[in-house]
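The values are calculated or read from the model by the stated rules, or taken from the named source; none is laboratory data. If you're wondering where the values come from, they're calculated on a predicted model, not measured in any experiment. Cβ placement follows ideal geometry from the backbone for every residue including glycine, while neighbour counts extend to all protein chains displayed.
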Amino acid sequence: MLNERSILVRTGIVTICVLMYVLILISNSVAQEAVGTLILALPSDLMPAYVTQNQTNISKFVPIHIRITKISDDNKEERYWESNITEPGTTSVSAPIGKYKIYVREIGSNTVREYNNDGNFYSIGSQNETVVIPLYPNTFQKDILADAPWRVEPNITIPIYCMVKDADQNDYPLKYIKIYDDMPPYGTNDSNEDVLVYSCYINQNIVSDLWYRIYDVNPADFTKPDEEVHIHVMFDASGDPFDEDVHTYLKVKIANEAIPVLPNWYAGDTHYHSFYTDNIWEFGAPIYPTTLAGKALGLDWITITDHSFDLNPQRWNNFLNDCHDYSSPSFLVIAGEEVSCYLPGTTQYNHYLAYNITDFIPGGEWEAIGSDTSSDYTPAEVVSKVNEQGGIGYVAHPLYDDEFRDPWQDYSLNFTGLQIWNGKGGNWESKLNGGLTIWKELLLDGRKVYIEGGSDAHGDLNGAFATVRTYGYTTNLTKHGILRALRNGNSIMTDGPLVIFDINGEMIGNSLSLNNGTNATLHILWNSTAEFGIINSISVKKGVINETEEINFTTIQPSSIEKNTLRDERELIISPNESCYYRVEVFSTTTNGEQYRCYTNPIWVDVVSERFSFDTGEGTYPGISGTHNGTIKPNQTVTVSRLYTYPCVGTGGHTEYAKIWNSTLDVIAIWDGYKGDWHNISFNDTFTLFANETYNYTIITGSYPQIHHTDALPTSNGWINCTEFVDANGKKYNDGIPAIKLFKYKFI
């Protein structure tokens, strides 16, 4: 009689024997299964070759990711093989007899091409099956993709933009566009596991340079409507084997709060490419879908800066018209140009962002098929041409370096500023830090140069567009107001929080004069959201002109001084004894560890000695521009080289022309436009106003300067009188004394 232990042992032995027999059968079956070969051919003859000035051939191949799936009898897909391909050529894959699909995705892209042999799949038998995967240059074949903003403001639908481009040579038979709620694991190409949210029956052969549709979908139709939704867009095609289905996978953050805002500060992207940028490797999105994405993201404006080598005078005029037509009071579209400047003796180029220009500035590159093979102008010539048009110029990504571009070399040129923040991630971090270093060196040398941030996105609404933003100050959202902010540095750049400051009410980008030893108030205001993190630190940087390093004036940690870490303000007392500037850097962190930053432009402080001034003090309201005539009689000797005009708050009040004279003196000062600190203008010579001598003055003002509404005004330095004031409307008065300060500009 067998005991219980003996039964268990014998049962175990039998089980093991059965399992071994089954494994042997499976092994023999696999060994006997017929295997064929799938040949993936990526033909190099579709690769464009460029010839540089020194006759060097350069071909550019974008690495791709290939995935092969095996189709079961019930049409289920099973991942069989996948790999990254970094060079064109032929790749052979051994595969058991059966049916297969092939998916191809450019590395870094979220769009996948599905090759399915027009729905019949690729059958692998004893013979090799070859699949030719075209390398699609933009202007020769088709580009098919969907895009959507990477975030949307609260209570906003998601604008999904679907595009077929360059289907003029080989049409694209499109049956449906289907939008799915993508289910985990995300991006698997198998729509059977996803939930259909929207379907549009197209049933059209697309034969067009550019065909697109926009679909508004409600976040509530997705699984996580209050977090981040995953979207699968499918272009369902029919026709020959190369009219493949295309899948795009998008992630859209559904914001719980609006993007950080402060009164009169408006968010934009200063470097963006529309579909007017269209060459062998690059193209952007149409302007209309971009405006919808910008609004959804929380932007107020964009400057579209398409490549000069993709434009010509006719396209430039069309571009200007489109920017005007798609602009609206709630969302501004401002036309600009990214001009290619050739570097003598090389085959590389610099790029320069030109705003507020009316005439097209040509500039070709050998990178772009169909454009001139060389640029028309050097960087110095382009900067000059932009200035001659009254334009605004920022050096684009000054440290960018590749086979086509070279870092900016001449920082002595008279440009407005530097676009040093050019997107997030990758090597852009080191480029930003390097750009900040160059900018600080220019500031310490006494240059009034500004910074801005932009995405340099070519479309790419879901990945790059507006991830870096520039806020500009303007009392009203107008094209003129935003351009003025960029011209004068009344702006900050950020990828998250919004932080501003002023000194004695003078805003970012401006200058003020302080007497030596005088206290001033530096007022900081910040605003962030949980999405962009609590404010960890606020660093106030001070730069003394002609020194070699900045000073960390102070660092504020809001949590340690019982301040709100999302929205609050702080005042500091400064008392500079030398001419300098102040600027602010801010860092924030979210609960999941994501970090964000904000950089302001400076405020400059000119420190002067009190004995070198004749100061009327601030005036009264109302203020209006016009021509002032009168006399000045100082009670002490004053040396003068500059004239400062007190402006009405938030305006550009300034002096455009000043003349001071008597029988022994005749000096003038002429305004140089809205450059740097335009409230101060310099006389052609330094001169002396002697005590108890009478001097005549003529002062012509612009915008809205402050005025003393009296015919005679005593000051601590003497008297100033009005003999006649003719305002901008031609009306004459005898009680309009300009609110000014005459002083000798001097570093202390």
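Looking at this structure, is Ile699 surrounded by 21 or more Cβ atoms within 10 Å (Cβ to Cβ), within 16 Å of Glu618 (Cα to Cα), in contact with a Lys or Arg (Cβ under 9 Å, 6 or more places away or on another chain) and of a type in the set (Val, Ile, Thr)? Before the answer, list the steps.
On the way: surrounded by 21 or more Cβ atoms within 10 Å (Cβ to Cβ): yes; within 16 Å of Glu618 (Cα to Cα): no; in contact with a Lys or Arg (Cβ under 9 Å, 6 or more places away or on another chain): yes; of a type in the set (Val, Ile, Thr): yes.
Criteria not met by Ile699.
Would you please name the residue that is modelled with the lowest pLDDT, looking only at residues in region 698-748 that are within 18 Å of Tyr646 (Cα to Cα), part of a strand (DSSP E or B) and among the polar types (S, T, N, Q)?
Here the answer is Thr715.
Starting from region 589-603, take each residue that is over 18 Å from Ile492 (Cα atoms) and in the same structural domain as Gly543 (by TED's automatic domain parsing) and list its partners that are assigned to a loop (DSSP other than H, G, I, E, B) and among the aromatic types (Phe, Trp, Tyr), counting only C-beta distances under 8 angstrom and pairs at least six apart or across chains.
These pairs meet every condition: Thr590/Phe532.
Each row is one residue, and each column tells you yes or no for (1) within 23 Å of Val499 (Cβ to Cβ); (2) without any contact (Cβ under 8 Å) to a residue 60 or more places away in the chain; (3) surrounded by fewer than 23 Cβ atoms within 10 Å (Cβ to Cβ).
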{"residue": "Gly268", "(1), (2), (3)": "yes, no, no"}
{"residue": "Ile280", "(1), (2), (3)": "no, no, yes"}
{"residue": "Phe283", "(1), (2), (3)": "no, no, yes"}
{"residue": "Thr290", "(1), (2), (3)": "no, no, no"}
{"residue": "Gly294", "(1), (2), (3)": "yes, no, no"}
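Limited to region 535-582, what total is found for residues that are in contact (Cβ under 8 Å) with a residue 60 or more places away in the chain, in a strand (DSSP E or B) and within 29 Å of the chain's Cα centre (by Cα)? Explain how you work it out, then say what you get.
First, the residues of region 535-582 that are in contact (Cβ under 8 Å) with a residue 60 or more places away in the chain: 543-550, 574, 576-579, 581-582.
Next, only the ones that are in a strand (DSSP E or B) stay: 543-544, 574, 581-582.
Narrowing the set further to residues that are within 29 Å of the chain's Cα centre (by Cα) leaves 543, 581-582.
Going through region 535-582 one residue at a time, the tally reaches 3.
Across region 435-457, what is the total count of residues that are under 18 Å from Pro407 (Cα atoms), in contact (Cβ under 8 Å) with a residue 40 or more places away in the chain and part of a helix (DSSP H, G or I)?
Result for region 435-457: 3.
I'm checking my understanding of the structure. Among residues of region 366-391 that are at pLDDT below 95 and touching a Lys or Arg at 6+ places or on another chain (Cβ under 9 Å), which one is farthest from Arg405 (Cα to Cα)?
Out of the qualifying residues, it is Tyr377.
Say we look at region 499-553 and pick out the residues that are within 17 Å of Ile603 (Cα to Cα) and of a type in the set (Gly, Ala, Ser); which of these is surrounded by the fewest Cβ atoms within 10 Å (Cβ to Cβ)?
Filtering region 499-553 for residues that are within 17 Å of Ile603 (Cα to Cα) and of a type in the set (Gly, Ala, Ser), the one surrounded by the fewest Cβ atoms within 10 Å (Cβ to Cβ) comes out as Gly505.
With the structure loaded, tell me whether Ser579 is surrounded by fewer than 15 Cβ atoms within 10 Å (Cβ to Cβ) and either among the β-branched types (Val, Ile, Thr) or more than 21 Å from Ser491 (Cβ to Cβ) (or both) or whether it fails that test.
On the way: surrounded by fewer than 15 Cβ atoms within 10 Å (Cβ to Cβ): no; either among the β-branched types (Val, Ile, Thr) or more than 21 Å from Ser491 (Cβ to Cβ) (or both): yes.
Spelling it out, it is not the case that Ser579 is surrounded by fewer than 15 Cβ atoms within 10 Å (Cβ to Cβ) and either among the β-branched types (Val, Ile, Thr) or more than 21 Å from Ser491 (Cβ to Cβ) (or both).
If you take the residues in region 275-317 that are of a type in the set (D, E, K, R) and either within 19 Å of Pro362 (Cα to Cα) or assigned to a helix (DSSP H, G or I) (or both), which one is farthest from the chain's Cα centre (by Cα)?
From region 275-317, those of a type in the set (D, E, K, R) are 278, 282, 295, 300, 306, 310, 315; that's our starting set.
Those still in the list that are either within 19 Å of Pro362 (Cα to Cα) or assigned to a helix (DSSP H, G or I) (or both) too: 278, 282, 295, 306, 310, 315.
On the way: Asp278: 19, Glu282: 17, Lys295: 15, Asp306: 13, Asp310: 20, Arg315: 23 Å.
Top of the filtered list is Arg315.
Name the one entry in Tyr349, Tyr400 that is under 23 Å from the mean Cα position of the chain (by Cα), outside the structural domain of Gly108 (by TED's automatic domain parsing) and within 30 Å of Arg583 (Cα to Cα).
Residue meeting the stated conditions: Tyr400.
Consider only pairs whose beta carbons are under 8 Å apart and that are at least six residues apart or on different chains; among these, list those whose first residue lies in region 710-722 and is in contact (Cβ under 8 Å) with a residue 12 or more places away in the chain and whose second residue is exposed (fewer than 15 other Cβ atoms within 10 Å of the Cβ) and among the charged types (D, E, K, R).
Pairs that qualify, where the first residue is in contact (Cβ under 8 Å) with a residue 12 or more places away in the chain and the partner is exposed (fewer than 15 other Cβ atoms within 10 Å of the Cβ) and among the charged types (D, E, K, R), are Thr710/Asp735; Asp711/Asp735; Cys722/Asp735.
Take the residues in region 478-498 that are of a type outside the set (D, E, K, R) and either at pLDDT below 95 or surrounded by fewer than 21 Cβ atoms within 10 Å (Cβ to Cβ) (or both), then tell me which one is nearest to Ala255 (Cα to Cα). Give the steps one after another, and end with the answer.
Quick first cut of region 478-498, residues of a type outside the set (D, E, K, R) only: 478, 480-483, 485-486, 488-494, 496-498.
Cutting the leftovers down to either at pLDDT below 95 or surrounded by fewer than 21 Cβ atoms within 10 Å (Cβ to Cβ) (or both) gives us 478, 480-481.
Working: Thr478: 27, His480: 30, Gly481: 28 Å.
My answer is Thr478.
Please pick out the residue among Pro714, Pro705, Pro647 that is surrounded by fewer than 16 Cβ atoms within 10 Å (Cβ to Cβ), under 22 Å from Glu618 (Cβ atoms) and not charged (D, E, K, R). It would help to see each step written out before you state the result.
Numbers: Pro705 fails: surrounded by fewer than 16 Cβ atoms within 10 Å (Cβ to Cβ); Pro647 fails: surrounded by fewer than 16 Cβ atoms within 10 Å (Cβ to Cβ).
Answer to the selection: Pro714.
Exactly one condition in (1) within 19 Å of Lys175 (Cα to Cα); (2) modelled with pLDDT of 95 or more is false for Ser238; which is it?
Here Ser238 meets the rest and fails (2).
For region 167-181, how many residues are surrounded by fewer than 20 Cβ atoms within 10 Å (Cβ to Cβ) and in a loop (DSSP other than H, G, I, E, B)?
4
Mind checking which pairs have a first residue in region 151-166 that is assigned to a strand (DSSP E or B) and a second that is basic (Lys, Arg) and surrounded by fewer than 24 Cβ atoms within 10 Å (Cβ to Cβ), Cβ under 6 Å, 6 or more apart or different chains?
Close Cβ pairs (under 6 Å, with a partner that is basic (Lys, Arg) and surrounded by fewer than 24 Cβ atoms within 10 Å (Cβ to Cβ)) amount to Arg151/Lys253; Cys162/Arg213.
Test Ser340 against the criterion of being outside any loop (DSSP other than H, G, I, E, B), of a type in the set (S, T, N, Q) and either under 16 Å from Ala396 (Cβ atoms) or more than 22 Å from the chain's Cα centre (by Cα) (or both), and give yes or no.
yes
Could you grab me the full set of residues in region 182-228 that are among the hydroxyl-bearing types (Ser, Thr, Tyr), surrounded by 15 or more Cβ atoms within 10 Å (Cβ to Cβ) and either modelled with pLDDT of 90 or more or not in a loop (DSSP other than H, G, I, E, B) (or both)?
Of the residues in region 182-228, the ones among the hydroxyl-bearing types (Ser, Thr, Tyr) are 186, 188, 191, 198-199, 201, 208, 212, 215, 223.
Still in the list and also surrounded by 15 or more Cβ atoms within 10 Å (Cβ to Cβ): 188, 191, 198, 208, 212, 215.
Scanning region 182-228 gives Ser191, Tyr198, Tyr212, Tyr215.
From the list Thr639, Thr651, which one is in a loop (DSSP other than H, G, I, E, B) and touching a Phe, Trp or Tyr at 6+ places or on another chain (Cβ under 6 Å)? Show your work before the answer.
On the way: Thr639 fails: in a loop (DSSP other than H, G, I, E, B).
The match here is Thr651.
Tell me whether region 211-226 contains one or more residues that are closer than 30 Å to Gln314 by Cα and free of Cβ contacts under 8 Å to residues at least 60 places away in the same chain.
Keep residues of region 211-226 that are closer than 30 Å to Gln314 by Cα, which gives 211-214.
After this cut, where a residue has to be free of Cβ contacts under 8 Å to residues at least 60 places away in the same chain as well, the list is 211, 213.
There is at least one residue in region 211-226 that is closer than 30 Å to Gln314 by Cα and free of Cβ contacts under 8 Å to residues at least 60 places away in the same chain.
It is to be established whether one or more residues within region 682-693 are closer than 23 Å to Val608 by Cα, touching a residue at least 60 places away in the same chain (Cβ under 8 Å) and part of a strand (DSSP E or B).
yes
Looking at Asn662, Asn629, can you tell me which residue is more than 45 Å from the chain's Cα centre (by Cα), over 27 Å from Arg484 (Cβ atoms) and either loosely packed, with under 15 Cβ neighbours inside 10 Å or without any contact (Cβ under 8 Å) to a residue 60 or more places away in the chain (or both)? Steps first, please.
Values: Asn629 fails: either loosely packed, with under 15 Cβ neighbours inside 10 Å or without any contact (Cβ under 8 Å) to a residue 60 or more places away in the chain (or both).
From the options Asn662, Asn629, the qualifying one is Asn662.
Residue check, Asp460 against (1) in contact (Cβ under 8 Å) with a residue 60 or more places away in the chain; (2) outside any loop (DSSP other than H, G, I, E, B), all met but one. Which one?
Among (1) in contact (Cβ under 8 Å) with a residue 60 or more places away in the chain; (2) outside any loop (DSSP other than H, G, I, E, B), the lone unmet condition for Asp460 is (2).
Just for region 392-422: of the residues that are at pLDDT below 95 and not in a loop (DSSP other than H, G, I, E, B), which one is surrounded by the fewest Cβ atoms within 10 Å (Cβ to Cβ)?
Looking at residues that are at pLDDT below 95 and not in a loop (DSSP other than H, G, I, E, B), I get Arg405.
Picking from Lys165, Lys142, Lys175, which residue would you name as being under 31 Å from the mean Cα position of the chain (by Cα) and modelled with pLDDT of 85 or more? Break it down into steps so the answer makes sense when it comes.
Numbers: Lys142 fails: modelled with pLDDT of 85 or more; Lys175 fails: under 31 Å from the mean Cα position of the chain (by Cα).
From the options Lys165, Lys142, Lys175, the qualifying one is Lys165.
Filter region 141-166 down to the residues that are surrounded by fewer than 24 Cβ atoms within 10 Å (Cβ to Cβ) and of a type in the set (Val, Ile, Thr) and list them by number.
Once the filter is applied, which keeps residues that are surrounded by fewer than 24 Cβ atoms within 10 Å (Cβ to Cβ) and of a type in the set (Val, Ile, Thr), region 141-166 yields Val152, Ile156, Thr157.
Tyr657 fails exactly one of the following numbered conditions: (1) under 29 Å from Lys732 (Cβ atoms); (2) touching a residue at least 60 places away in the same chain (Cβ under 8 Å); (3) part of a strand (DSSP E or B). What is the number of that condition?
Result: Tyr657 fails condition (2) only.
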